[in-house]
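Below: the structure, in structure tokens.
The values are calculated or read from the model by the stated rules, or taken from the named source; none is laboratory data. Quantities reported herein were computed from a predicted structural model and do not represent experimental measurements. Every residue, glycine as well, gets a Cβ built from its backbone with ideal geometry; the counts of neighbours run over all protein chains shown.
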Amino acid sequence: MTRRGSPAWLGLVAAGAVLCVVAASCSAAEEDGEVTSSVTSTSSPESSSTVPNTTTSPETTTSAALATEPTHGGVVKVGVSADLVHGYTDIDGQQVDATMNPLLRGNDAPEIARLVVPGAFRLDAKSGELTPWLVDQIPRPDNGGVVVADDGTVRVGYRVREEAVWEDGTPVTARDLAFTHDLIIRLGDGLRGDGLMRAHELIDSASIVADGKVFAAELTHPDPAYEMLFEWVLPAHLIDPDTFTQDWNDRLWPSAGPFRFVSSELAAFGSSDPSIVVVERNPSYWEADPETGALLPYLDRIEVHAFFLGTMNPGAIATWVRSGSVDAVLAGLFREFDQGYLEDFDELGVTLVAEWDTLFEVLAFNLGEERFEINPDSHNDQLLYRQAVLAAIDRVALGETVSTKPVNSILGIAVDGYDHDAWAAYDDVSRAEGLLSDVEGTPMAVYVTSNGDETIRIGDAVIEQLNQAGIQATGDYEGDFFGIQLPQRRLDLYAFRTFAGEGGLSGVAHMLSVLDPNNEAAFWSQLTDSVARYRDVVAAAQSEVDQERLALLIQEAESILADNAVIYPLVRRQPSYRAFWPNRIQGIIPNRTQGWDTWNAATWWSPTG
């Protein structure tokens, strides 16, 4: 049973607003006003951990007609993939501390924490754009939020929304932004990933001015990544930075988001039950649905079932869906190779939404001398040959062959709207023959890549297309691709993987550094003229704060890559699936980037109310 502890700040909560915090690795018992703990594996009192052995649709009829438009009320149970278990040991034998804290290292914390913890911005998965959340606008030069002085100094300013408050009624202010920045800088290496630190290191801490709702600071240097500042905003009046990593590791802090934390219960490592995190409507939440004008959120309560894929296979999770033990499952739980478990979903009335994964396959040429070790007849130094290889590859047919999705951008792969026609010159497969007629010697390619089953399938399909076009091609999938062949450049024609950007043009611009000639993944430094211009474009893009000029630089960079035919965006791999009972939950919109699927949970709604 979940019990409610009494954290020190509870007295600050407005009258009638009851909030509980339970250590995530324990079940808590109240003793003299303190929370004591003991290791358990339990389930939510509202949700049985025993899955009915059934493949039929659960009872869904109600005495009232199902709502057809968003309405307030309802409780939903949502499954996510998260290593949120007690006693978890990773493959290196290291104990992993389960955490829902999105700032600290831990798996899948943002998917859960975003229900509670707000940010200055959020990523609109429908458009791929950053949109303001706690603040009234994303600062830009054209709206006065970014000011570039004559000496090149860049000053950034935010205004927190007047209506934004924490759940105890305390206004969200610029002080919270300043506190969050200081805490992130202080945490340093303990942070999740490198994006938070990379953004916040742009702020000259000594220049910060926090006055009421207005925050302003100078940047250490111009960089479009400033737009990723304050992805998370924390309550300065409730967090002790000296004990942050201990006090807040296994719990969520007070909310300024649509929901507030109720409880968490971790399953023991090896259990077939999920861990359960419960959140409920934050009565102090301030946002309205722009489409209906109704105050958000619509739902009263969300029970998050965190499935640990180390002990819960997709077939077992599919059974949870069939039985109605969860109303929806989000990204990461069902992949393309799990389709066999999902074949009866349509018949049962479960909606299955496929969205392509953030993993991309990119074709590349090695222009270094090392390529001759694997292909003495390599023609990679001839532009016509490289262009013929790209023209020979039919990416649409490739996608149909290996169940992938072709993409038409290598820099804007996260968002379809960033695609442009830089690669259109290679869409005509018949053009390959004409290009090959002027190639010196017999066209020959050795395709090298890793030995994963899906990667080999893609490689074999590429080789078949090259052979059909008149390029003698063979495959080499042996050896340690990532550990030896790639670092030592023992390659000819090869594929590497990259992931979708972080959202916004700054995320797209960040991809430029991945494809820089100095990077081991793009060996085209012999093309000195083009390389020099590309490096100039990279440097300009990564110091450009104006969105229109940044977009032009990104387009030019991609055109250089396409004109020189040194790399090629092949396909977007492995669709992932979201499944939900449409008569229980509506409004789920998959996130196509590396962001979270709970990005719009405030507008989820229940047809049963």
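Does Val147 meet the test of being under 25 Å from the mean Cα position of the chain (by Cα), over 30 Å from Glu303 (Cβ atoms) and β-branched (Val, Ile, Thr)? No; evaluated as a whole, the condition is false for this residue. Looking at region 201-209, can you tell me whether even one residue there is closer than 22 Å to Trp133 by Cα and assigned to a strand (DSSP E or B)? The answer is yes, given that some residue of region 201-209 is closer than 22 Å to Trp133 by Cα and assigned to a strand (DSSP E or B).
Filtered by the rule that a residue be closer than 20 Å to Ala109 by Cβ and of a type in the set (A, V, I, L, M), region 245-301 gives Leu252, Ala256, Val262, Leu266, Ala267, Ala268, Ile276, Val277, Val278, Val279.
Per-residue answers, yes or no, for (1) outside the structural domain of Ser264 (by TED's automatic domain parsing); (2) modelled with pLDDT under 50; (3) crowded, with 17+ Cβ neighbours inside 10 Å:
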| position | (1), (2), (3) |
| --- | --- |
| Ser48 | no, yes, no |
| Val51 | no, yes, yes |
| Thr55 | no, yes, no |
| Thr61 | no, yes, no |
| Leu66 | no, no, no |
| Glu69 | no, no, no |
| His72 | no, no, no |
| Val78 | no, no, yes |
| Tyr88 | no, no, yes |
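Only a single criterion out of (1) at pLDDT 85 or above; (2) over 22 Å from Ser530 (Cα atoms) is not satisfied by Leu359, namely (1). Could you grab me the full set of residues in region 485-494 that are within 29 Å of the chain's Cα centre (by Cα) and either in a loop (DSSP other than H, G, I, E, B) or hydroxyl-bearing (Ser, Thr, Tyr) (or both)? Once the filter is applied, which keeps residues that are within 29 Å of the chain's Cα centre (by Cα) and either in a loop (DSSP other than H, G, I, E, B) or hydroxyl-bearing (Ser, Thr, Tyr) (or both), region 485-494 yields only Tyr494.
Filtering region 331-347 for residues that are among the basic types (Lys, Arg), closer than 29 Å to Val402 by Cβ and outside the structural domain of Thr401 (by TED's automatic domain parsing) leaves a non-empty set. Taking residues in region 286-308 that are within 26 Å of Glu162 (Cβ to Cβ) and touching a residue at least 24 places away in the same chain (Cβ under 8 Å), and partners anywhere that are of a type in the set (Lys, Arg) and assigned to a strand (DSSP E or B), the pairs with Cβ atoms closer than 6 Å and at least 6 places apart or on different chains are Pro297/Arg281.
Flag set for Glu163, criterion: modelled with pLDDT of 95 or more, farther than 22 Å from Leu219 by Cα and either surrounded by 15 or more Cβ atoms within 10 Å (Cβ to Cβ) or touching a Phe, Trp or Tyr at 6+ places or on another chain (Cβ under 6 Å) (or both). Yes or no: region 194-216 includes at least one residue that is touching a Ser or Thr at 6+ places or on another chain (Cβ under 9 Å) and in contact (Cβ under 8 Å) with a residue 60 or more places away in the chain. Scanning region 194-216 turns up at least one residue that is touching a Ser or Thr at 6+ places or on another chain (Cβ under 9 Å) and in contact (Cβ under 8 Å) with a residue 60 or more places away in the chain. Summed over region 456-484, the residues that are at negative phi, part of a loop (DSSP other than H, G, I, E, B) and surrounded by 15 or more Cβ atoms within 10 Å (Cβ to Cβ) give a count of 3.
Within region 528-551, work out how many residues are assigned to a helix (DSSP H, G or I) and either in the same structural domain as Glu227 (by TED's automatic domain parsing) or not polar (S, T, N, Q) (or both). Let's see the steps before the verdict.
Our first condition is that a residue be assigned to a helix (DSSP H, G or I); within region 528-551, this holds for 528-541, 547-551.
Keeping just the survivors that are either in the same structural domain as Glu227 (by TED's automatic domain parsing) or not polar (S, T, N, Q) (or both) gives 529, 531-541, 548-551.
Adding up the residues that qualify gives 16.
So that you can scan it fast, the table gives a plain yes or no per residue for (1) crowded, with 17+ Cβ neighbours inside 10 Å; (2) under 30 Å from Pro110 (Cβ atoms); (3) within 29 Å of the chain's Cα centre (by Cα); (4) not assigned by TED's automatic domain parsing to the domain that holds Phe496:
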| position | (1), (2), (3), (4) |
| --- | --- |
| Val326 | yes, yes, yes, yes |
| Thr351 | no, yes, yes, yes |
| Arg371 | yes, no, no, no |
| Asp377 | no, no, no, no |
| Leu398 | yes, no, yes, no |
| Thr401 | yes, no, yes, no |
| Ser409 | yes, yes, yes, no |
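Is it true that some residue in region 490-497 is exposed (fewer than 15 other Cβ atoms within 10 Å of the Cβ) and over 18 Å from Pro569 (Cα atoms)? No, region 490-497 has no match at all.
Entry remark, region 426-455: residues being surrounded by 12 or more Cβ atoms within 10 Å (Cβ to Cβ) and among the polar types (S, T, N, Q) number 4 in total. For region 227-279, taking the residues that are under 30 Å from Gly128 (Cβ atoms) and among the aromatic types (Phe, Trp, Tyr), the one that is surrounded by the fewest Cβ atoms within 10 Å (Cβ to Cβ) is identified as Trp232. Comparison of Thr455, Thr442 shows that the only residue that is under 30 Å from the mean Cα position of the chain (by Cα) and modelled with pLDDT of 85 or more is Thr455.
Does region 585-593 include one or more residues that are surrounded by fewer than 20 Cβ atoms within 10 Å (Cβ to Cβ) and at pLDDT 90 or above? Looking through region 585-593, at least one residue is surrounded by fewer than 20 Cβ atoms within 10 Å (Cβ to Cβ) and at pLDDT 90 or above.
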